[in-house]
Structures are given as C-alpha cells and as structure tokens.
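S.K.: Have a look at this one before I ask anything.
The values are calculated or read from the model by the stated rules, or taken from the named source; none is laboratory data. Everything quoted here is computed from the prediction, not taken from an experiment. Every residue, glycine among them, receives a Cβ derived from its backbone with ideal geometry; neighbour counts consider all protein chains shown.
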C-alpha cells in the first residue's frame, strides 16, 4: 500500500469549484453539482467541531477534504482515500497551497468489502474526468489499484482513529455499499454523527447494489436518512444515528 497512501496532507479553504463534469439522465448540470457540494460541506461544517475527525472516501482532488481540514483547525484530522495517482497528487498540491497539508492523511488505495487488487477505469464518454472513474465500469484502464477494507486498515493502525470518527463521506461511483460493508465494525464502534453517501441509481446498479439495499444496510446499523434538501434530484443521502 502506498503511503502517499499513508502520508500526510492538509488543506484549508473557501468553497472550491467543482471538478465534476455534467452527466446524463439522473446526473445534474455542473451548476447543480456546485450547489450539491456546497450543501454537503454545510452539513459537515454544522456537524464537525475543532479537533474533529473526518474520513473522506473518494476524495479525488479535495473538494471536501481541504475545506473540512481548514474548518477542523490545527488539532483536527482528515483521512482522505483516493486510488488515482494523478488525483491524489493534485489533492496534495492544493492542500499544500492552502497550508493544511499537516492535517490530512492521504491514502492512495481504493476501499471495498475485501482485500483485493482492481482496475480503476475511466468513463468511456468522459475519459479525462477524474470524478467518473470506477472499479465497476467498462472503459480505458487508468491504473491497477490496491483495494482494502476500512476496518482492516483501522485494525492494523494504518488508519489511527484512536476510537474517534465524527463524520464520513463516501463517493466512489457505485461502490458505496461495498465500502460500507468493509467499515461496519468501525461504524458500530465509533458511531459517527453523520454519514454522507452518494446514491445515484445507475452507479449503484453497475456495482450490483441499489439505493434500497444501501439504506437498509445503514438502517441495520441504526442509521436513518434525513430528508433531502434538493427534492427531485437524489444525488447523496445524509444519514444520522437513529
């Protein structure tokens, strides 16, 4: 496992511009992505306090990791997971420019429900868009990546949570339920105050899951979704302890 992987980074910020491109059908326009990202940052800012711990899974270039690191202050900690080498390098560069590199631990791995090796692929229609890469699509191969469970990394202390986890964000282009299955022990032990999960139907379907199965999995862990603030467009679900 690369420890760029278990290296550190930090970031600060005023709202960052979205790196996402517009997509088809249930994926909104670029301006809607900006609004959705701003909404989710607001949820995180209202949940997290100085010195808190945030886990960003599918961190890409730092749209969430960097502003949250700034919000948490010098005693806070962000654990950011991003398998693509170009995206994580850009996250590191941006974090350094914001002078928060010491607050972010970067892990260049994919997370899932089992230890494995996978092929990270680009979207064939948007090959240059780093936000659309997935282990569950047919497209040009970007790179081979290590896959680990979050619980495994916590148990080995590669991720030193020390019993505290305040908020989680998961955006992994359809593999969200796989990631949750691989971190259920940690969720049960730490009981984060909020779990944000991307829930785009067609993404979940390509990874053989669904929004209903994802919601039920978290309900079984005693987490319930709160009402969406964007009626008619379901991009992410926000879960809180039930």
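Matching residues to (1) at pLDDT 75 or above; (2) within 17 Å of the chain's Cα centre (by Cα); (3) within 24 Å of residue 135 (Cα to Cα); (4) crowded, with 18+ Cβ neighbours inside 10 Å:
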| residue | (1), (2), (3), (4) |
| --- | --- |
| 7 | no, no, yes, no |
| 10 | no, yes, no, yes |
| 32 | no, no, no, no |
| 41 | yes, yes, no, yes |
| 48 | yes, yes, no, yes |
| 51 | yes, no, no, no |
| 56 | yes, yes, yes, yes |
| 67 | yes, yes, no, yes |
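S.K.: Given the condition touching a residue at least 12 places away in the same chain (Cβ under 8 Å) and surrounded by fewer than 18 Cβ atoms within 10 Å (Cβ to Cβ), answer yes or no: does some residue in region 166-180 qualify?
M.R.: No, every residue in region 166-180 fails to be touching a residue at least 12 places away in the same chain (Cβ under 8 Å) and surrounded by fewer than 18 Cβ atoms within 10 Å (Cβ to Cβ).
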